[in-house]
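Take a look at the structure below.
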Amino acid sequence: MKGMRTGTEKLGTTGLENVTVRRHRESSAGGHPSQVLLRLSLSLGILAGFSLGLILLLTQETGSASVLPWTALTQIHGQIQIVGFAGLFILGTAAQLLPGFLSSPIENRTRIVTGGVLVAIGLLLRATFQISEPSVLRSATLGISALGEFIGVALCLWEYGQLARRSIQPRDQWQMIVAAGFGFLLLSLVLNGVAVTTLIRGSKVVPWNLDAAIVQLELWGFIVCMVFGVSRKILPRFLLLPAPNNHGLGMGVLSYVAGVALVASGWLSLAVSLAPPIGSDLQSAGALLQMAGVVAVVWNLRLFYRPTRPSSAPAVTEPFRRWVIIAFGWLLIANALPAIWAVRVSLGGIEPSFFEITAERHALAQGFLLSIIVAYGARILPGYSAWAIRHSRLSEVTFACVTIGALLRVIGELGTGSALPFAAMAAAGGGTVGTIGFLLFSIPLLVVDPRPAPLAKVRPSEKDKSENRPG
Ligand code: HEM
């Protein structure tokens, strides 16, 4: 209360009234765009993404997958998870962070909210109509779904682009990495338009190679580049790391981006039935470049270096450091797996199996992405980070569920491919525990207001501020 009084006194009555009026206006206008997009993201994750993934996994592992249009549903799950859950989460967090990072306010909040709603509607239409019988209504709604996803993302990016243009901050490396990530997302949504035309022509399933190219651009391209960009911006200060080697880091990102593009081109050349060996060679070269890129980025970010000084808030900094290191460990594993398959193929071995591809995808999605969302969310989302610090044990349990879930899932999938006993059970258990971890994270976040608090509840020292402020 004492700290609260300090904040109130500092702001003054008029300031307090202004903040209250502004917050009231925001909530009556439907809330801060960040709040709206985060809620859409988590709702899609709970109601359609994780729940559907779990049903698919359990039916697969119990041998009853044939009772469902299984393959079509996996594609719906993949799109909802990447564009809906992860994409809207990232776009919503951007609405929170970019004004601080770029010292420039969002001018058109409605544009971002409209964009987020269009993406969500597009995904729901896709989920409803991909598996229905061919009809004019199905064709029209599937077309609208692809347009909705693309226009929705484009609207959000338009607003963030304006914000960056207005900023007087010098262009920084992290902005270029983030731009590459958004570029991959837009490219994947163009390809998604092509995929939807195959559905409109009557198929219920997008051809495997085309679908894999889209997943590659979204998961390995968009998501990983976004995390690289944000990590470049916040980790050196949050973890008190030595200054990153920008040149080495830039080369690492270039190698990674080239790798992603080669793997996606490999899938696409297989999709259009170009000489299959070339497609396979492109994938192998791409996987090795991706791996080299990740190693270079992690090394040059100095992530595993000792901090330059002890933290003034060790109870906050140290769990965060551990979580980030575990998350990046998952990134290394998720890229090592395709690199291993690439070496195997180049030595005359077999192409990666379905279970191996599922394992590498979920090492990235369940391992890396979910860990980094939980870690960064607990550190940079204003209302939620305060909640996570107050409930530090529950936050540890949440993170443990995510890690154990991903570990069981990846080992289980790899083991199922090799027909090992108990592997299917491990994969199913991993999916269940991972989903519990996601629920433990998302339910409080849905309840807690993720907007910046109007009043500083405590007045941090200058040292604390520079260490803990995301902007
Ligand atoms: C713990 C929760 C999850 C469960 C139980 C689950 C389950 C599944 C299952 C059974 C498949 C089908 C196998 C395959 O095609 O690889 C699948 C595919 C996929 N999942 Fe998940 N998943 C989960 C989390 C996630 C997350 C967090 C993401 C990404 C943000 C994700 C992205 C994907 C993608 C991209 C595919 C491939 C879809 C396609 O072939 O088009 N999953 N998932």
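The values are calculated or read from the model by the stated rules, or taken from the named source; none is laboratory data. Nothing here was measured: the structure is a model prediction, and the numbers come from that model. FYI the Cβ positions are ideal-geometry reconstructions off the backbone, even for glycines, and counts take in every protein chain you see.
Things worth noting here:
- Counted as qualifying within segment 65-161 are the helices (runs of 4 or more DSSP H) with 1 or more residues that are more than 16 Å from the ligand (Cβ to nearest atom), namely 88-102, 109-129.
- From Leu210, Leu249, residue being at pLDDT 95 or above, closer than 28 Å to Ser311 by Cα and in a helix (DSSP H, G or I): Leu249
- Members of segment 413-423 that are buried (at least 21 other Cβ atoms within 10 Å of the Cβ) and either within 9 Å of the ligand (Cβ to nearest atom) or touching a residue at least 60 places away in the same chain (Cβ under 8 Å) (or both): Glu413, Thr416
- Hits in segment 279-309 (condition: in contact (Cβ under 8 Å) with a residue 12 or more places away in the chain and either of a type in the set (Val, Ile, Thr) or in a loop (DSSP other than H, G, I, E, B) (or both)): Val294, Val295, Val297, Val298, Leu301, Arg302, Leu303, Phe304, Tyr305, Pro307, Thr308, Arg309
- So Phe222, is it outside any loop (DSSP other than H, G, I, E, B), more than 15 Å from the ligand (Cβ to nearest atom) and surrounded by 22 or more Cβ atoms within 10 Å (Cβ to Cβ): no
- Tally, over segment 347-363, of residues that are among the aliphatic types (A, V, I, L, M), near the ligand (Cβ under 9 Å from one of its atoms) and crowded, with 24+ Cβ neighbours inside 10 Å: 1
- Meets criteria (within 23 Å of Leu408 (Cβ to Cβ), within 16 Å of the ligand (Cβ to nearest atom) and not aliphatic (A, V, I, L, M)) for Arg393: no
- Sole residue being of a type in the set (Lys, Arg) and at pLDDT below 95, chosen from Arg321, Arg306, Arg302, Arg361: Arg306
- Qualifying residue in segment 49-58 (condition: more than 10 Å from the ligand (Cβ to nearest atom) and in contact with a Phe, Trp or Tyr (Cβ under 7 Å, 6 or more places away or on another chain)): no
- Taken together, Val178, Val230, Val260, Val215 contain a single residue that is under 19 Å from Val297 (Cβ atoms), of a type in the set (A, V, I, L, M), touching a residue at least 24 places away in the same chain (Cβ under 8 Å) and within 16 Å of the ligand (Cβ to nearest atom), which is Val260.
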